[in-house]
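Have a look at the structure below before the remarks.
The values are calculated or read from the model by the stated rules, or taken from the named source; none is laboratory data. Everything numeric here is computed off the predicted structure, so don't read it as measured data. With ideal geometry, Cβ positions are generated from the backbone for all residues, glycine too; neighbour counts draw on all protein chains shown. The accessibility values were calculated without ligands, DNA or RNA, using every heavy atom of the protein model including side chains. Shrake-Rupley method; radii C 1.70, N 1.55, O 1.52, S 1.80 Å.
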Amino acid sequence: MNTLQIPSSYNGSSPEPEAIQQISPLHAFSVMNRHRLAIAIVTLAVAVPAGVGIFSLKPYYNAASILIVGTRQAPFRDLQATVASPEVDTVAVNSEVSILRSPAIARAVVQKLDLLNDPEVREALDSTPITKRIMDLVTGLFVTRPPPVPMTHDERVQATSILLDRWVTILNDGRSYVITVTASTGNAQTSARIANAYADVYLDFKRHMKIAATWQANAMLDEQIVPLRERLRKAEQAVQAFREKNGLIAAELERAPGANANNNDNGGTTVTDQQLTQMNHQLITARADLESRRARYAEVRNAIRNGSVDSIPDAVSSPLIQQLQAQEAQLSSRAASLSQTFMDGNPDLQAARAAAAQVRRHIAAEVNRIASSAAKELASSEAQVAALTATVDRLQGQVTAENEADVTLRQLQSEATAARTVYQDYLGRFAQTSTQAELQVAEADLISRAETPLSPYGPPRKQYMAIAVLFSLLIGAGSALVIDKMHKGVRSTAELDAIPGLFALGLVPTFAGPLRRQYVSRERSAYLETVESIRSVLSFGHSRFRAKVVLVTSAEQDEGKTTFALSLAANTARCGQRALVIDCDLRNPSAMRVMGGVSVLHNSHMPVDPLLVGLERDVLPGVDILTPEGMMHRGGGAMLRPEELGQILSQVNSQYDMILLDTPPALAFPDAAVLSRQTDGVVMVVKWGRTPASTLVQAMRALRTYDARTLGAVLTQAPPNSLGEAEKHPFRIYNHYGLLPPG
């Protein structure tokens, strides 16, 4: 290009591999742009058959019925429970989904809808898949197959159930108790019938399963009731016999609510228990009365001893004693009055005193009578307490004996109670199952039945087509990348610089039409500018690259070395100088052929040197081409000898400003390496995207074997639109200056 960079091998610095390996992010787009034709062909090759297949798909209809599982069955009296929320978990819902997907449900649907006679089902069962046809055809070439045996009725039912498994989708989203049954067939009514049949068969299956379980439980309960009844009868008989044997006759007493709530004895108290209770109450009352009378008697005796009649409650409350005390008081008062008037011998005084004494004797007699009565009552109470104590002791002995027997009685009663409880529970369960057997419903509800779809659900041809086109484009892009990867040719000047001993002199784009048109036309071209950039390096560049006699070669054939040599000569002539192209490929000279076989008339008056026989002058303005015809016939396939080339160069060196030698490929023939000793250096021509780096390494090794001086390499026939960002940038500048793109 227009920028010259000295390679590290020439200026003493070491190369930087990382910088050489940098690739633009747009490299993939460049590759696809370069192989756009291949992408288009591959895309069409994939998309067209896919489109034909997509638009030939038969339409299908989807119909869905929706179930909710886990609804609780409640008694009819519990109206709130009948609408309660489900009480199931994810495992239970997945179990119901598995039931719906089971072969048993599919078989029941087949029989319910008589799908064996459905035209679509018959067509599906009778058709043979294309893969099986191919296999039968291949195996038929080697083995004689027996005639096919028609399927039996059971086999057709099984095959239809397998077919339903492909047509029916049963889904639960994992976040609810709703199960959706979707049927997809080629007939709208068939889809709705299958979806609804799945829901009906599932609900019937669940209901019949519960009814069967209920009747099974009922039969088991019926078998257990008879032995339980006999067990209860024997237990109650054992309790009654033990009571009679041990005299534990229960008293028929009504107990207060809550009394003996924790007592397991349901037979009540015995007669002895009742008598003991009554005697205890009487004994307590008698003892209290005894203490009261004992206290009264002591009080009376103390009052008599102290002479204080007024402290005796019975004396105070006695009317007779009160009357006598009043008389005594009157008589004592009269005696006191008389004693103040009369002497002690006064008859009235003595009579009053005698009367008072008499009254006091009557009071003392009455008090003694009260004390005697209290003593008798005390003795009576003591006798009663003694009698009651003896009775209680006797009853306690009887109760102790009865309690010892009551332990066994309670055990018998517990057994009888347990037998009664189990028997009553079984009776209740038997009655419940007998009543509810015909009232069982499935623990699932049908939310909505499938309706006949009005239009096909699929296939989604637009989406499929978009996916097919996208997939085709991806395949096309992938094929472009694969093709590009398979072509391991050099595609950038950086790759040339990475090859030991090579330096990229520049890049020459491809062009269309003959080479002559590029130089005859007056229009400026980017191709001419790129060749001019390389010529400038060879004429005015670093001393390492300046050369007059340049040998042009390539690693392989058809890499454009002849065209480049002619272009380099033509660019020299455009600057007012003269250039000579010597076609050194005596085996297959091609310089004149590239120029279209143009022949220029020779001046017959000028002497012709035998070495210059075959010189064509002004093939292009200022460009001569020499094809050494004198050496071509001396031996088949012989190369131009170095001394012959030296003689030619010595004769023409002063006539031309640049001499270019077009030689055979360096890997095939040694011409380039041998003749390079007669030149100022070698320019290696590399075809863009074709010549691998490994081939260039081998070619450079062949040149180094003969100590050839390599000036650099030129990348030819490069498509501008497929170049990397670094190589494409100069062409944008050319476009800015109005230079026509190559071709």
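Run the reach check for K234 against lysines, Cα to Cα strictly under 29 Å, same-chain hits fewer than 8 apart removed. What comes back?
Partners within reach: K245.
Put a dot 7 Å past each Cα toward the Cβ at S694 and A336; how far apart are the dots in nm?
Taking the two extended label points, one gets 16.6 nm.
In straight Cα distance, which lysines are under 19 Å from K206, not counting same-chain residues fewer than 8 positions off?
K112
Rank these residues by their accessible area, most exposed first, probe 1.4 Å: C584, C575. Can you show the working numbers first?
Numbers: C584 0, C575 70 Å².
From most exposed to least exposed: C575, C584.
Mind giving me the FRET efficiency for Q323 and A390? R0 is 51 Å, r the Cβ-Cβ distance, nearest 0.05 is fine.
Working: r = 45 Å, r/R0 = 0.88.
Rounded to the nearest 0.05, the efficiency is 0.70.
Highest first, please rank the peptides 51-60, 558-567 by the mean number of other Cβ atoms sitting within 10 Å of their residues.
558-567, 51-60
Kindly rank 683-693, 724-734, 515-525, 338-348 from highest to lowest mean number of other beta carbons found within 10 Å of each residue. Intermediate values should be presented prior to the final figure.
On the way: 683-693: 22.5, 724-734: 16.5, 515-525: 14.5, 338-348: 11.1.
Going by the mean number of other Cβ atoms within 10 Å, highest first, we get 683-693, 724-734, 515-525, 338-348.
Tell me the carbon and sulfur percent of the accessible area for the stretch 341-417, rounded to whole percent, probe radius 1.4 Å. It would help to have the intermediate numbers written out before the result.
Details: 2440 of 4360 Å².
Carbon and sulfur atoms account for 56 percent of the accessible area of the stretch 341-417.
For I447, list long-range residues whose amide hydrogen, built 1.01 Å from N in the peptide plane, is under 5 Å from its own amide hydrogen.
HN-HN under 5 Å from I447: I66, L67, I68.
Can you tell me how the stretch 671-735 classifies by the Cα gyration tensor, rounded, prolate or oblate, using a/c under 1.5 as the rounded cut? Walk me through the numbers before you get to the answer.
Values: a/c = 3.56, a/b = 2.12, b/c = 1.68.
Because a/c hits 1.5 or more and a/b exceeds b/c, the stretch 671-735 counts as prolate.
For an R0 of 25 angstrom, estimate the FRET efficiency from the Cβ-Cβ distance between N588 and R641 and round to the nearest 0.05.
On the way: r = 18 Å, r/R0 = 0.71.
With R0 = 25 Å, the Cβ-Cβ based efficiency is 0.90.
What number comes out for the charge environment of G506, summing +1 per Lys or Arg and -1 per Asp or Glu over other residues with Cβ under 13 Å away? Please list the in-between numbers first.
Numbers: positive: R535; negative: D497, E529, E532, E727.
Every neighbour counted, the sum reads -3.
Could you tell me which residue out of H729, L675, G689 lies farthest along the dipole of the stretch 668-743 toward its positive end? Charges go on the beta carbon: Lys and Arg +1, Asp and Glu -1, centred on the Cα centre.
Farthest towards the positive pole: G689.
Rounded to the nearest 20 Debye, what is the dipole magnitude of the stretch 540-601 about its Cα centre when Lys and Arg each give +1 and Asp and Glu each give -1 at the C-beta?
Details: 8 positive and 5 negative charges, 79 e Å.
My answer is approximately 380 debye.
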